[in-house]
Every structure is written in structure tokens, then in C-alpha cells.
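> Here it is: the structure, laid out below.
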Protein chains: 2
Amino acid sequence: MEISALQKERANYQPKLPKALQGAVKVKEGAPTQSVDNQEDIKKLFPNTYGMPLVEFEPADSANNAKMNVGVILSGGQAPGGHNVISGLFDEIKKLNPENKLYGFLMGPGGLVDHNYIEITEENLQAYRNTGGFDMIGSGRTKLEKEDQFEKGLEIIKKLNIKAIVIIGGDDSNTNACILAEYYAAKNYGIQVIGCPKTIDGDLKNDQIETSFGFDTATKTYSELIGNIERDCNSARKYWHFVKLMGRSASHIALECALQTQPNICLISEEIQAKDQTLNDIVEYIADIVAYRAAEGNNFGVVLIPEGLIEFIPAIGRLIQELNDLLAAHGTDYMNLDKDAQRKYILEHLSTENKATFETLPEGVARQLSLDRDPHGNVQVSLIETEKLISEMVATKLDQWKKEGKYKGKFAAQHHFFGYEGRCAAPSNFDADYCYALGSSAAQLIANGKTGYMAIVKNTTAGTDQWKAGGVPITMMMNMERRNGEMKPVIRKALVELDGAPFKSFSTQREKWAKETCYVYPGPIQYWGPSSVCDQTTKTLELEQQK
Amino acid sequence: MEISALQKERANYQPKLPKALQGAVKVKEGAPTQSVDNQEDIKKLFPNTYGMPLVEFEPADSANNAKMNVGVILSGGQAPGGHNVISGLFDEIKKLNPENKLYGFLMGPGGLVDHNYIEITEENLQAYRNTGGFDMIGSGRTKLEKEDQFEKGLEIIKKLNIKAIVIIGGDDSNTNACILAEYYAAKNYGIQVIGCPKTIDGDLKNDQIETSFGFDTATKTYSELIGNIERDCNSARKYWHFVKLMGRSASHIALECALQTQPNICLISEEIQAKDQTLNDIVEYIADIVAYRAAEGNNFGVVLIPEGLIEFIPAIGRLIQELNDLLAAHGTDYMNLDKDAQRKYILEHLSTENKATFETLPEGVARQLSLDRDPHGNVQVSLIETEKLISEMVATKLDQWKKEGKYKGKFAAQHHFFGYEGRCAAPSNFDADYCYALGSSAAQLIANGKTGYMAIVKNTTAGTDQWKAGGVPITMMMNMERRNGEMKPVIRKALVELDGAPFKSFSTQREKWAKETCYVYPGPIQYWGPSSVCDQTTKTLELEQQK
């Protein structure tokens, strides 16, 4: 297999561990914990895994030589560093006892249920150390939530004499990890389940989890590209670049990239929702800045747009809701109409407010909302090219202002969507170390008999030596939320906090960034060289930890 | 002005120079030269700048302390390293004589004509050393080709006591540099003109120019992204990614990225043209590979598509030609028809062969070819989203094959276009050094009285110490070509040579890459660290120089 020069050199990188994990390890337990909300409900649902203490690792005098086999699963979307969690886990269980075995279940949680797995050995792991991607064992989106899945998984777990399963995933996958932990605990099967916080979206964080892994590398990769585009923009001085950034719902990625690159505009979905802004409000906000810059002779700029935006615009949310109901009720007769008649039909049936919203949308988008639906009959919001929608509407608004004499200038747009470019980048030094430490922590949680915990590493803005590793009971991060009409226990998703330090830093600077040109060009992730370049964390983490 | 950590550290990088340019410099002249073709015509058009010798620099015992002011112009699209050409030029003329001044004309050749300029000083240059972009003085696409422009430029040249103009540009800009040099020489104005080979497209190369600057950095940046996408593709195993790559007409960028990343498919326009392939041939070629991989359980892959593809498909070229003529002749009555009638009108008027081609096109593309036209009445080929066009046609073909039982599998596509992401990246070590040496060479060509030359640096696959710097008479690279109906002297554009080493290396490996999964993940450009990572040249250059 041919590999790149970078991969060859990077394979030799030895990730750094927190002091507590460098030798023999013991556990320090804190006081019992509570869930963040709905304590009674959560306690009732998780009688065996509720209320456990926070755990922190400390150096010990003698090693726990636990004999244990472990299974590992990658769940959901890719994030840089997954292979390093596996490496950390592998190295730590081998350090505990060289006879310990690590099994990787293939293509996500489905691999556990369907008994597809490989043994991970030093030999096959070597090529994946410090690499991006989840290709070593693959990932998948099967949800582990049903008893027959748990029982099916148990068969292979017993066959391989596995003591614990490590599930590397986002908020949903970790919620399910806890349900699995609770189930195995309730049944007294003696099988432990440990989670690891993965997602480039950055929305799996709270008082215990400083950041989810992959966020650092992905946002640095996107920021490299945004910086390059800003430099092009500032050199050619003739385009407005509209850049949509991946991130299912929260705007952490867009915010972090804005802090790194200082674009002229960055939309934050959470703010738009909080202010109950309409699509037209957003369009006017952008058009105002375009007009201001044009008056200064600057017919160029960069706009960052979070992928989840559309669903956060309250008026669009209400429209989508009514459309879903309307077309579910009248689906068949509607489907048989031609395009123009369909539009007329919708306009006749919508409430006044939603009709007004519908009429402001460009025809293509209106059509997308009223026609293309997923198998459950819902609008496929992710298919809407928000970056083009918004730039088209800005162009229309500017044309109108031009006729009214309120704007003189040239407006030409370019569009970009960055997502797949960053999810599988090779992990930055930060993610390489952080993930390795998470894997190592997961192994120690297992060795110390824990289940229903997530591996955590804190104090991550300090040097790796001073990082604090341990575990948090997953129930501690849960509350009850409505999902598909039912109240469910879930890990609370972290949205951008409008009174948090990262957003505040952004909001106090954005007017200057809009009017002047304050672009910053972060450049590509560096693995060697000055520490100021290679070892910096995200701006988000830096600002949050300053609090 | 806030700058990134990388910029801070990178500002201190001192680009390396070839031995001959490290101290005092003298000139070694070769034999008289000839143009690559049409020698009589070129000689007649360039009586004062034809036949000059190749020039190579050598270490000298004593310095030429030439007193000279110089003007510099960035022409055309951005390419990484432009600021380093300016730095090399600046440092070299200051080394010759600290009183020498460098002026930068603003926003391209228009700055010379309109007398917009700044003086470049150590102070304002410092922030731009080793950075990407052309934002220090801007660039533009004004063509310098008319006498009144030359005379207008002369006014400011005289006012600033400028001895020579350095034009940093692609093949067209360097052709115009030579016309300007010839004009000033014919008029005995005593003003010299020197060119520098810039373009990420890589199509300005020949026996004298090993590579144009920016190609190295841009292709490495695109390859980083393609590698990341390949890793995502190989992890998720559910998408075919169609990646269009910038590069006006030649396919050098796509080819280089393919050599770096080993995708499943890479289209090379020059090959498609040589084989007279139709769009359907291309679609079947891709669909065959998709079907083969699907049969192996691999419903994923990566396809690279050069931006210029459409114009190189002979059948489409002929169709576009006939449409241009047809709609020029019948524009008005056609414009007044509705969409369906327009399509009918076109089908009625096209020749049988072109009608057949038109009918195979998806409706949106057919419409784009028959409606949206530039101010000269020509199809705006660059607006066609080739990556989507091809993936849609592949999907249609696979649907058909599925019905015929020839294909079983799932086909879901993602689309990307990489261009602006790479044109303004900070230059790689190679481009940083190469550009600096080009700027330094340009200064020495001026100091040694040369005009109508391009600065060149050769032996670039060896260490910088062994690089050979000098100059080539621009007329040596010229031939006569038809442009807008007239025969014009132009620098011959380098297309991908189907019997060249880079294409051969690709074509002998592509079947393996198509069937197996041989992805290589180059990762981001590194500025520090192992030389194998930081100082490698492009695969194209490596293969070409092995010859």
C-alpha cells in the first residue's frame, strides 16, 4: 500500500499523555452526581447507572494488571482522531496486560449486532496511528436501542470473552451507550460500556466535556480554506464568497471559523432564532453590509453560513411545519397537479403568516420545500443550498435598492460548501493527543470496573502533561427531551451560548470585520515547527477556558 | 493588523537562493535562439527582441552596482508565491544598490496605464513575505497590447525614473510583455521589460521553463482536500465524490492531483480530445467503473474532472460552434419564444450530428448551452457545473443498466469544485524559494541590460543550491496561432502530453486505482519538519525531470 510522505513521518508520532496516565493509574472518586435536569425521571430510567461519582485518574504505585478483552465501535459521522482513540485504548490495555485483546466491530454499531469484527493487532493498527478517517473498522448509523440488538450483541461479546464495549460517538450514540450499559447492568451480565465524545460539530460539550474530538482539526481545516478564499477575495476584489459550513444544527463550527479567520459576515443560527429573525431580516443584514462596503469601493467579502441555519429561522420553521401537515393531509390530490397548480394550491391553503413567508422564497427553494420530501414525508432541509438561496436573495434585494438609488456597486457571488474536506483530515497534534488520552482513559475506566461512563480529559488548554483524565457518568449529562412525540432521556446538546465567551468575542468584533477588511489567514495545520503554530487549541476552547 | 500564528513564524523564513545568486552575479550567454515555430513571422514581428541568447547566471568576483528603479505588475489570476517574486526582486535590487527603488503598479497592468502605484519598501513588504495572495498590490486582467497604453505607461515610467518593468503573469501576459519590450526597444526608449512565469494551471512550461510558479502549492492544497475526501469516502463507503478542479483548459492540475492522491477516476481533457470521445463515452467509462466496484461491494469512489473538460469533448465543441452561429443568425426571433418552443426551434435547425449530441444532454445543460451567453454571444462554458452534469448522466445510465439487469448497486453522489481554495494559499517551501529566485533573477536580467526575457530557474528537482537561474528570450517560446480569426504571435501553451512521463505514469496505474482502492492521503502542506515532507516537488516535475 502506497502512503504519502506525511503519513510515513506522522506514523512515528508518539501522542503525549497526561501525567496521570503515563504510568500505573489509580482512581479518585468524587461525590455522587445528579443529572442536569429531570433527576427523578432519569434516575427511574437508569437505576443501575444513575448517581455514580465523577472519576479522576491519579498516578499509582503499582499497576492494575487487569486481564480483559475489549470491543470498540465507531458510531456516526467521521471525525479526525478516531483511530487515535483506538490506538490509545489498544496501547493502554496492552500495557495493563499484554494478553488483553482489542476487537473492532465493523461499520458501526451494526457490527456488534451482526457479529462482524476484526481483532486489532499492533500489526494492523500501525498504518492507522495518527491518521484521519474511520476506515480502519468503518462507522455506521445503526442505532443501538432495542433489547434484541443488546442480546444479539451479547452473544458475540460472550464468545470473544469481552469485558467491555467502548462506543465512540456523538450525543445520540453516547445516550445509547448509557442505555446499553444500564441494560447489561440490570441483567447482571457483567459487561461494561464506556463512551467517548466524538463530533466535529462541537455540540457534545458541557461542564465535564471541554470539547468533542475532531472539532479542533475540522475547524482548522475549514479555516485554512476560508483564509485562502479571503486572501483570494482580497486580491481579486470582485467576488462575495458565500461559504456554508457543515454542522448539523449548532453553529459552533461557523463561530470557531469566524474567530480564526475574521470574515465580513458570519451567521449564527442560535442568535437568529433567539431574535426571531426572518429570512428577509438576514438578507437585509447582509445586503446592508454589501452596500456599505460597495460605497467604500470594496465590492467583495466573505460570508460564513452554518449548515443548520434554515431550521433555526423561526418563520421558516413554522412554514415547514405547516407544509408537512398540509401535504401529509392532502398528499395525493396535490401530487397530481402540475407545477404551477401546486404552487397555487399551497398558497391557497397556507395560513396568512406562512403564506407571506412562502412568497418571499425564491421559486426553486419554495419548490424544494413543497415537493422533495424524505420517506417520512418531511422536507429534506439539508438538500437546500442555503448559501445559494441567501446569495440569490441578497442579489435581488440589491437590485431593488439599486433601482431605488440606495445602492451603487457590483455584486457577484461564489459559493462553497465545506464538510467532507474536514471530517477525515489527519488529526492535529491536539486531536492526536486528546484522542489518544481519551482511549487510554477509556481503558482505565474499564480496568477500574466502571460502566455507563464517558472518558473525559480536562484542562486541555494547558500542556498535555497537566491534562486531567477521568470519567463522567453519562446520566449526569442527561435530561428529558421530546423526540418524535415522546419524552426521551438524552444528553443535552450544546448549542452556541449567546452569553458565552466565544460568541461575545465574535459579536463585539463583527461590526469592525464587516466594515473593514480584517481577514486572518491561519494556513494549513502544522505538525512540526514552532509550538505557537503546532499546538494551539481552538479559539472557542481558549475563550471558554478563560472564563 | 492581526495575523495568524503561522504568518508570524513564516514571516521569518528566508527563502533559499541558487548558488549563482547568493553573491555577486555575472552573465553567461549561450548561442542565438530561434522561436519554436514560424521563425520568419516571429522574427519579422520582433526585430529587436528576436534571436537573443539564453542567459545563465554565474558567481562573479565583483558586484554590478547598477543604479536602477524597477516597476512590478501582477497580471491575471492569483497564484501562490507572487509576493515572493516581489520580495526576491526587492532584495536583489537593494543588494545591487540600496538607493534602488521598487514600485508596484496597482490592480494589474491597468495600474501602469492609469498611473496607480505605490513604492514598495522594506516596511510595507515585511507583512507579505512568504504569504499567498496578490493583495499587496492587487492584480487585474487589463491586456497591455495597444500603443496608447504603452505610451501612457511610459509617462509614469519616466516620471519615476524606472529602468525596467517586471510583469508577473501567464502565457498571454508574457506574450504582451514581449510586445511591450519590442515596442520600447523599437522606439529606443531604453525601458526594459522582463516577464515571470506564473499560473497555477501549469500550462506555461516548455524546454526552458520547468514549471510555472503556484502550480506546486495549488495542487498540494487541492490534493490535501481530495485526500481528505477520499478518506471520508473510504470510511463512510456510501458516496461517489465528483471533484471538479480549476485549470482553464489544460488538465495538468487534475493529472498532478491524481498522481498525488490515486483516485478511482481522473478525466484528462487532452486524452478525450485525442480519442474523439463523446460525452456518452465518458459517462459509460465512469458507469462501468461504478458498476465494477458495486459488484465488489464498493458503492463509493472519487472522480476528478478538469474544469476545461467540456470544451475538449469534440462533439460538444462542434455543437457549441453551431449553436453560436445559429443563435447569432437567428437571435431575436428565437429569444421571443418560450422555453419549450426554443428547444424545438434548436432541434429543428441543428445538423443531424449536433442534434443527436444536443438530445443526449440533460435539459438544464442543454438550456445553458442554448440560452446563457456572454456579451460576445458565446456560451459561458465555465458556468456549466460539469461535475453535476456528469454525475447526473452517470446516474441515468446506471438506472438504465439496472433495468437491464446489468448493474446492481447504490449510487449517491457528492459534488465539489476546488479552485479559489488553492490560488492564494501561502506558498509551499518550493514555491517560496522558486518565486524568490525568479524575482532575484529578474533583477539580475535588468541589471545586465536584458529586455524581452523571462526569468527562469532550472534543475528544480535538485536542492536549491544547485538550481540554475537565468533568462530566456520570450520570442524563443513563441509561435503563430489563430486568435479571434487573426494569426497572432503567442507563447505556445503547454497541454498535457499523452506521451509524457506524468500521463504515462497515470495511465499505467489507473485501471488498478479504478478497481481497487489505492487512495493516498497527502495531508496539508508542511513548512517545518522532515525534508521528505516539506521539500518534495510535484509528481509532474519529478516524472518530467526523470526523462
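The values are calculated or read from the model by the stated rules, or taken from the named source; none is laboratory data. Not measured: the values here are computed from a predicted model. In this analysis, Cβ positions are derived from the backbone assuming ideal geometry, glycine residues included, and neighbour counts consider all displayed protein chains.
> Anything in segment B:284-325 that is closer than 30 Å to A:Met107 by Cβ and aliphatic (A, V, I, L, M)? List them, or say none.
Correct list: B:Ile286, B:Ala287, B:Ile289, B:Val290, B:Ala291, B:Ala294, B:Ala295, B:Val302, B:Val303, B:Leu304, B:Ile305.
> Sticking with this one: Can you tell me which residues in segment A:1-50 are among the aliphatic types (A, V, I, L, M), touching a residue at least 60 places away in the same chain (Cβ under 8 Å) and either away from chain B (no Cβ under 14 Å) or in a strand (DSSP E or B) (or both)?
As a first pass, look at segment A:1-50 and keep what is among the aliphatic types (A, V, I, L, M): A:1, A:3, A:5-6, A:11, A:17, A:20-21, A:24-25, A:27, A:31, A:36, A:42, A:45.
Within this subset, residues satisfying the condition of being touching a residue at least 60 places away in the same chain (Cβ under 8 Å) are A:1, A:3, A:6, A:11, A:17, A:20-21, A:25, A:27, A:36, A:42, A:45.
Within segment A:1-50, A:Leu17, A:Ala20, A:Leu21, A:Val25, A:Val27, A:Val36, A:Ile42, A:Leu45 meet the criteria.
> Please indicate, with yes or no, whether at least one residue in segment B:109-121 is more than 14 Å from every other protein chain (Cβ to nearest Cβ), touching a helix residue (DSSP H, G or I) at 6+ places or on another chain (Cβ under 9 Å), crowded, with 24+ Cβ neighbours inside 10 Å and at pLDDT 95 or above.
Within segment B:109-121, one or more residues are more than 14 Å from every other protein chain (Cβ to nearest Cβ), touching a helix residue (DSSP H, G or I) at 6+ places or on another chain (Cβ under 9 Å), crowded, with 24+ Cβ neighbours inside 10 Å and at pLDDT 95 or above.
> Identify, please: which residue in segment A:132-152 is more than 19 Å from the chain's Cα centre (by Cα) and part of a loop (DSSP other than H, G, I, E, B) and is, among those, farthest from the other protein chains (Cβ to nearest Cβ)?
Looking at the filtered set, the residue picked out is A:Lys146.
> Also, quick follow-up: Within segment A:239-259, can one find any residue that is among the basic types (Lys, Arg) and either in a loop (DSSP other than H, G, I, E, B) or surrounded by fewer than 21 Cβ atoms within 10 Å (Cβ to Cβ) (or both)? I'd like the intermediate steps shown before the answer.
Keep residues of segment A:239-259 that are among the basic types (Lys, Arg), which gives A:244, A:248.
Next cut, either in a loop (DSSP other than H, G, I, E, B) or surrounded by fewer than 21 Cβ atoms within 10 Å (Cβ to Cβ) (or both) only: A:248.
Yes, the conditions are met somewhere in segment A:239-259.
> Take B:Glu256 and tell me if it is of a type outside the set (A, V, I, L, M, F, W, C) and under 15 Å from the mean Cα position of the chain (by Cα).
In short, yes.
> Please go through segment A:196-218 and pick out each residue that is farther than 10 Å from A:Leu541 by Cβ and among the hydroxyl-bearing types (Ser, Thr, Tyr).
A:Thr199, A:Ser212, A:Thr217
> Out of A:Glu542, A:Glu511, which single residue is out of contact with any Asp or Glu (no Cβ under 6 Å at 6 or more places or on another chain) and under 14 Å from A:Gln260 (Cα atoms)?
It is A:Glu542.
> Criterion first (in contact (Cβ under 8 Å) with a residue 12 or more places away in the chain, in contact with a strand residue (DSSP E or B) (Cβ under 8 Å, 6 or more places away or on another chain) and either of a type in the set (Gly, Ala, Ser) or farther than 27 Å from B:Thr517 by Cα (or both)) does B:Ser251 satisfy it?
yes
> For segment A:448-467, indicate whether the set of residues that are in contact with a strand residue (DSSP E or B) (Cβ under 8 Å, 6 or more places away or on another chain), small (Gly, Ala, Ser) and surrounded by 17 or more Cβ atoms within 10 Å (Cβ to Cβ) is non-empty.
Yes, segment A:448-467 contains at least one residue that is in contact with a strand residue (DSSP E or B) (Cβ under 8 Å, 6 or more places away or on another chain), small (Gly, Ala, Ser) and surrounded by 17 or more Cβ atoms within 10 Å (Cβ to Cβ).
> Return a yes/no flag: does segment B:63-71 have any residue that is within 14 Å of chain A (Cβ to nearest Cβ) and either buried (at least 20 other Cβ atoms within 10 Å of the Cβ) or among the polar types (S, T, N, Q) (or both).
No, segment B:63-71 contains no residue that is within 14 Å of chain A (Cβ to nearest Cβ) and either buried (at least 20 other Cβ atoms within 10 Å of the Cβ) or among the polar types (S, T, N, Q) (or both).
> Which count do you get for residues in segment B:290-324 that are touching a strand residue (DSSP E or B) at 6+ places or on another chain (Cβ under 7 Å) and either in a strand (DSSP E or B) or under 20 Å from A:Tyr420 (Cβ atoms) (or both)?
Within segment B:290-324, residues that are touching a strand residue (DSSP E or B) at 6+ places or on another chain (Cβ under 7 Å) and either in a strand (DSSP E or B) or under 20 Å from A:Tyr420 (Cβ atoms) (or both) number 10.
> Something else: Do you know which of the residues in segment B:110-131 that are of a type in the set (Asp, Glu) and outside any loop (DSSP other than H, G, I, E, B) is nearest to B:Tyr436 (Cα to Cα)? Step through it out loud before you land on a result.
Step one: filter segment B:110-131 for residues of a type in the set (Asp, Glu), giving B:114, B:119, B:122-123.
Now restrict to residues that are outside any loop (DSSP other than H, G, I, E, B): B:119, B:122-123.
On the way: B:Glu119: 19, B:Glu122: 15, B:Glu123: 18 Å.
The selected residue is B:Glu122.
> Modelled with pLDDT of 95 or more and in a helix (DSSP H, G or I): is that true of A:Val283 in this structure?
yes
> Further question: When you look at A:Asn228, is it at the interface with chain B (Cβ under 9 Å from one of its Cβ atoms) and not acidic (Asp, Glu), yes or no? First the steps, then the outcome.
Working: at the interface with chain B (Cβ under 9 Å from one of its Cβ atoms): yes; not acidic (Asp, Glu): yes.
Judged against the criteria, A:Asn228 is a match.
> Any residue in segment A:197-204 that is of a type in the set (A, V, I, L, M, F, W, C), within 12 Å of chain B (Cβ to nearest Cβ), crowded, with 21+ Cβ neighbours inside 10 Å and touching a residue at least 24 places away in the same chain (Cβ under 8 Å)?
Kept after step one, since they are of a type in the set (A, V, I, L, M, F, W, C), are these residues of segment A:197-204: A:200, A:204.
Keeping just the survivors that are within 12 Å of chain B (Cβ to nearest Cβ) gives A:200.
Narrowing further to those that are crowded, with 21+ Cβ neighbours inside 10 Å: A:200.
From what's left, touching a residue at least 24 places away in the same chain (Cβ under 8 Å): A:200.
Yes.
> Which of the residues belonging to segment B:366-383 are buried (at least 21 other Cβ atoms within 10 Å of the Cβ) and either more than 15 Å from B:Gly317 (Cβ to Cβ) or modelled with pLDDT of 75 or more (or both)?
B:Leu369, B:Ser370
> Within segment B:165-175, is there a residue that is outside any loop (DSSP other than H, G, I, E, B), under 25 Å from the mean Cα position of the chain (by Cα), closer than 19 Å to B:Thr211 by Cα and among the small types (Gly, Ala, Ser)?
There is at least one residue in segment B:165-175 that is outside any loop (DSSP other than H, G, I, E, B), under 25 Å from the mean Cα position of the chain (by Cα), closer than 19 Å to B:Thr211 by Cα and among the small types (Gly, Ala, Ser).
> Does A:Ile265 fit the bill of being buried (at least 24 other Cβ atoms within 10 Å of the Cβ) and at pLDDT 95 or above?
Numbers: buried (at least 24 other Cβ atoms within 10 Å of the Cβ): no; at pLDDT 95 or above: yes.
Taking the combined requirement at face value, the residue does not satisfy it.
> Please enumerate the residues belonging to segment B:140-172 that are polar (S, T, N, Q) and modelled with pLDDT under 95.
Applying the first criterion (polar (S, T, N, Q)) to segment B:140-172 yields B:142, B:149, B:161.
Listed by number, the list holds a single entry, B:Thr142.
> Picking from B:Glu230, B:Glu271, which residue would you name as being part of a helix (DSSP H, G or I), at pLDDT 95 or above, touching a Leu at 6+ places or on another chain (Cβ under 8 Å) and assigned by TED's automatic domain parsing to the domain that holds B:Asp399?
B:Glu271
> If you go through segment A:207-222 one residue at a time, do you hit one that is under 19 Å from the mean Cα position of the chain (by Cα), among the acidic types (Asp, Glu) and surrounded by fewer than 24 Cβ atoms within 10 Å (Cβ to Cβ)?
Looking through segment A:207-222, at least one residue is under 19 Å from the mean Cα position of the chain (by Cα), among the acidic types (Asp, Glu) and surrounded by fewer than 24 Cβ atoms within 10 Å (Cβ to Cβ).
Per-residue answers, yes or no, for (1) closer than 29 Å to A:Asn299 by Cα; (2) in contact with a Ser or Thr (Cβ under 9 Å, 6 or more places away or on another chain); (3) within 14 Å of another protein chain (Cβ to nearest Cβ):
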{"site": "A:Ile194", "(1), (2), (3)": "no, yes, no"}
{"site": "A:Asp207", "(1), (2), (3)": "no, no, no"}
{"site": "A:Phe213", "(1), (2), (3)": "no, yes, no"}
{"site": "A:Asn234", "(1), (2), (3)": "yes, yes, yes"}
{"site": "A:Tyr239", "(1), (2), (3)": "yes, no, yes"}
{"site": "A:Lys244", "(1), (2), (3)": "yes, yes, yes"}
{"site": "A:Arg248", "(1), (2), (3)": "no, yes, no"}
{"site": "A:Gln260", "(1), (2), (3)": "yes, yes, yes"}
{"site": "A:Ser269", "(1), (2), (3)": "yes, yes, no"}
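Yes or no, residue by residue, for (1) in contact (Cβ under 8 Å) with a residue 12 or more places away in the chain; (2) outside the structural domain of B:His241 (by TED's automatic domain parsing):
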position	(1), (2)
B:Thr278	yes, no
B:Val283	yes, no
B:Gly297	no, no
B:Phe300	yes, no
B:Glu307	yes, no
B:Asn324	yes, yes
B:His330	yes, yes
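> Just one of A:Phe430, A:Phe411, A:Phe418 is within 20 Å of A:Gly132 (Cα to Cα) and either modelled with pLDDT under 95 or in contact with a Leu (Cβ under 8 Å, 6 or more places away or on another chain) (or both); which is it?
Residue meeting the stated conditions: A:Phe418.
> Next up: Among (1) surrounded by fewer than 24 Cβ atoms within 10 Å (Cβ to Cβ); (2) within 25 Å of the chain's Cα centre (by Cα); (3) more than 19 Å from B:Asn84 (Cβ to Cβ), there is one condition B:Ala181 misses while meeting the rest; what is its number?
Failing condition for B:Ala181: (1).
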